[in-house]
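Take a look at the structure below.
No value in this document is a laboratory result; all are computed from the given coordinates. Just so it is clear, the model here is predicted, and its values are computed rather than measured. So basically every Cβ, Gly included, is an ideal-geometry build from the backbone, and we count neighbours across all protein chains shown.
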Amino acid sequence: MGEIRLPRHMFLWCLSAIYMFAFASLYVQIPGLYGNEGVLPARWQLRVSGKSVVEQLKDSPTLLWFGPRLGLDTQQCMELLSLTGALLSLMTLALPVLRDCRVFLVLWILYLSLYQVGQVFLYFQWDNLLLEMGFLAILIAPMKMPWSSKVRLHDSVTFWLARWLLFRLMFASGVVKLNSRCPTWWGLTALTYHYETQCIPTPLAWFAHQLPVWFQKLSVVGMFVIEIAVPFMFFSPIRRHRLVAFYMQVLLQLFIILSGNYNFFNILTITLCMSLLDDQHVNFWLRRSTPKTETSFQTLFSWLAVMLEIGTCALLGYWSVRYFDLQVDWENKSVSSKTGFTYFEFNGFLKTVTVPSIWIGVLSLTWEIISAMFKCAFVRGVLWRLWNTIQWAVMAAATVSMFAVSLVPYTYIEYDAHSNLWPGIRTAFEVTERYQLVNSYGLFRRMTGVGGRPEVVIEGSMDRNTWTEIEFMYKPGNMSAAPPVVTPHQPRLDWQMWFAALGPHAQSPWFSSLLHSLLQGKRDVIRLIQTDESQYPFSKQPPAYLRAHRYKYWFSEQDGSMSYPQRWWRRVYVEEFYPMVHLGDSYLEQMLVQHGLKEKAPPRRSSNAWLPQLLHHVGEHAREMPTPLLLWTLFSSAATVCLLNSLRSRARHHQHESLQNKHADKQVTGWTHSNVAQEDAKKQEEEKDDAEEDRKEQEEDATSEEEQEGDIEEEVNTEETDVDSLRKRK
């Protein structure tokens, strides 16, 4: 695995956005769901028992216990926590300096505090997944200190936990579909029902539902390959295996986003996929050049890796053809498919791969830990080496602990592997279970609505003769209304209405409380159904009578054109879901008492202090806007700030580079001038040397001439002396 600095930044940035979506989406629904006049008042979960704060936190770890000390009731305290979380995550999304482990710790505590009293409206798998990812972010995010280094050598160890969580999520999601023995999954026909029976479909789901059956079955085959086979490539030492797995997982999540409104769940999964990337591939996206220096050994290894990649793809294709009996019908231009194995064969496969998958995780994690240890050993400076080693040891121990505890929910998919776990690991899981540190996953275990999508329709009347349907904003009701696009918002009441339609109303105790609130005309509950109260048929006066019927809905058939249909749905009446009731009705009162939903004590009177009043005014203005529009407005604002910051930093970087270039040019120019001066000085010195040599030569010549003249004079003198001596002799 290469450097993961950029994927880690992307992971933390995306998680900040998801936190903002989750907090803001829940914030606008708190009064109607958990308020003093809501469907399930949260104050019933926090009974005053005379215990100390520490004992209360042990019973239910939530910050809501401190609400009375601030002069806030439970609803106001929930609004304060969710509003604080939304603003803090928005700032974290916009400002990189806030992407710190302490900030993510605060966000995790805030969401856990809300989750503890969320009851059925917050018990979704994506809420558990957000809490688990939020705790991992505490380990993955840096702790920014003035003396801390920008390089954290243990990042690859903690970031590995995100890859392990992605493996558990995807592998379990594929396995539970076959483990459930659902005939639609085994018959590969699940998608022929899925698009119209999912909770809140999108308009594109209607078009996807019109695709031919052979294509729907082939799509199920592709889904099984992506969810069961491909996750093992997450731990491959070959880089391209992880990149191929990344694109296949993201492609699946994008198709789900286009066809269904699953709030922030698919964005969470895509965020986990960032753990499969490295800096080199992100730089490739950003068109940044990265230096490549390959030796002959690396070149040979790359060729071997290519061969293994081709072999892996061929093996996946062979297994798909063999185990799903894929055959191409060239005449009809289709591909036939069917399941080519039995349940017992699949169960044997599951027993074979569950334990080895754990050991694959152990080997992969061990490699990351040892690699980080060697990096720490080569840090310069004794103190820095010691500091990095301590960090490595702490984070490695935390990572190993999280991995060990996660084996308990992971092995739920196979009984023998689960029963053979060390009892100490089970004990650790039981101790930490309330904090949602690790969870079990498995989406779409069974396909519902095979004989038609069940839907509950509430009707109101003033005289028991004329009945008017109460239409929800998001769930199907009006057959001519197009399915909405609400991602990443989750309308939690609409989701629970979908679950309520799957069984009798006794399985959904909150439904009686919903009808009771509508009969009373509680404004906060009405806003859950229609934000624009003018669209609510009983906005001026509450209905005197209410009842609920169960229908079965289907998508309308295509008329041959690819345009939007005039009627999106067709429906058939099935049965009465809830009998006609009114205020004071004995049956309604009995159901409220039976499920513990009868008001036992009046709520606390709202305080006139500045904080409750501020929360009230902020809530009134925030709930006037449609929630999906509010969420995307907040996200666009933060993304704009991020873009401006990146452009500013890039401009500063270019300016710094230009200054460095100018400085380098000046140095080069100075060097050139100094070289010219040195050459001139050398020339002058050479000229001086030549002049001196010439002068010396002239002096030597003059000296030689004088010596010659002296010799001549000596010769003349000798001659004269000789002449004189001869004269004397004569």
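Let me know the charge dipole size of segment 349-483 about its Cα centre in debye, to the nearest 20, where only the beta-carbon of Lys, Arg (+1) and Asp, Glu (-1) is charged.
Roughly 660 debye, rounded to the nearest 20.
What are the extents of the Cα atoms of segment 453-583 along their three principal axes, listed from largest to smallest and rounded to whole Å?
So the three principal-axis extents are 49, 30, 30 Å.
As I understand it, the dipole of the chain uses +1 on the Cβ of Lys and Arg and -1 on the Cβ of Asp and Glu, about the Cα centre. Which of His621, Cys199, Leu326 lies farthest toward its positive end?
Going by the Cα projections, it comes out as Cys199.
Mean 1/r over all different Cα pairs, inverted: what Kirkwood radius does segment 352-438 give, in Å?
14.7
For the pair Ser180/Glu469, report the inter-label distance in nm, with labels modelled 7 Å from Cα in the Cβ direction.
In this crude spin-label approximation the distance works out to 2.7 nm.
If you place +1 on the Cβ of every Lys and Arg and -1 on the Cβ of every Asp and Glu, how big does the dipole about the Cα centre of segment 453-583 come out, in debye to the nearest 20?
Result for segment 453-583 is approximately 160 debye, rounded to the nearest 20.
Using each residue's phi in segment 384-398, evaluate 6.51 cos²θ - 1.76 cosθ + 1.60 at θ = phi - 60° and report the 3J(HN,Hα) Karplus result to the nearest Hz, with x for Gly and Pro.
So the J values, rounded to whole Hz, are 5, 5, 5, 4, 5, 5, 5, 4, 4, 5, 5, 5, 5, 5, 5.
Given segment 25-124, report the % of alpha carbon pairs whose separation exceeds 20 Å.
Taking all Cα-Cα pairs of segment 25-124, the fraction more than 20 Å apart is 39 percent.
If I take every Cα pair under 8 Å that is 6 or more residues apart in the chain, average their sequence separation and divide by the length, what percent do I get for the relative contact order?
Dividing the mean separation by the residue count of the chain yields 17 percent.
If you build the convex hull over the alpha carbons only and average its shadow over all orientations, what do you get for segment 80-228? Give it in nm² to one decimal.
With the hull built on Cα positions only, its mean projection is 12.3 nm².
Just to compare against my own numbers: the Cα pair-distance distribution for the chain, 20 Å bins, whole % per bin, please.
Here the calculated profile for the chain is 13, 40, 27, 7, 4, 3, 3, 2, 0, 0.
Put a dot 7 Å past each Cα toward the Cβ at Glu37 and Val382; how far apart are the dots in nm?
It works out to 7.2 nm between the two label points.
Which value in nm describes the separation of the simple spin-label points at Val213 and Leu251, placed 7 Å from the Cα toward the beta carbon?
2.6
For segment 335-343, just list the computed ³J(HN,Hα) in residue order, Karplus coefficients 6.51, -1.76 and 1.60, θ = phi - 60°, integers in Hz, with x standing in for Gly and Pro.
10, 8, 8, 7, 6, x, 9, 9, 5
Would you compute, from DSSP H runs of 4+ residues alone, the mean residue ellipticity of the chain at 222 nm, taking -39500 (n - 2.57) per run and dividing by the full residue count, rounded to the nearest 500?
After summing the helix terms and dividing by residue count, I get -20000 deg cm²/dmol.
With the cut-off at 1.5 for a/c, could you classify segment 155-341 from its C-alpha gyration tensor as rounded, prolate or oblate?
In terms of gyration-tensor shape, prolate.
Please get the size of the charge dipole for the chain, origin at its Cα centre, with Cβ charges of +1 on Lys and Arg and -1 on Asp and Glu, quoted in debye to the nearest 20.
That gives a dipole near 6640 debye.
Can you compute the FRET efficiency between Ser637 and Gln327 using 1/(1 + (r/R0)^6), with r the Cβ-Cβ distance and R0 = 60 Å? Round to the nearest 0.05.
With a Förster radius of 60 Å, E is 0.70.
Determine the shape class of segment 510-660: with a ≥ b ≥ c the square roots of the Cα gyration tensor eigenvalues, call it rounded for a/c under 1.5, and otherwise prolate if a/b is greater than b/c, oblate otherwise.
Since a/c reaches 1.5 but b/c is at least a/b, the shape of segment 510-660 is classed as oblate.
List the pairs from Lys475/Lys552; Lys338/Lys552; Lys217/Lys333 whose alpha-carbon separation is above 20 Å, in the order I gave them.
Correct reply: Lys338/Lys552.
Considering the dipole of the chain built from charges on the beta carbon (Lys and Arg +1, Asp and Glu -1) around the Cα centre, which of Gly311, Ser60, Tyr536 is farthest to its positive end?
Farthest towards the positive end: Tyr536.
Take every Cα pair under 8 Å in segment 352-438 that's 6+ residues apart, average their separations, divide by the length, and report that relative contact order as a whole percent.
27
Name the residue farthest towards the positive end of the dipole of the chain from the options Val355, Trp160, Ser180, assuming +1 on Cβ of Lys and Arg, -1 on Cβ of Asp and Glu, about the Cα centre.
Ser180
Just to verify a number: FRET efficiency for Thr366 and Gln655, C-beta to C-beta distance, R0 = 45 Å, to 0.05?
My answer for the efficiency is 0.50.
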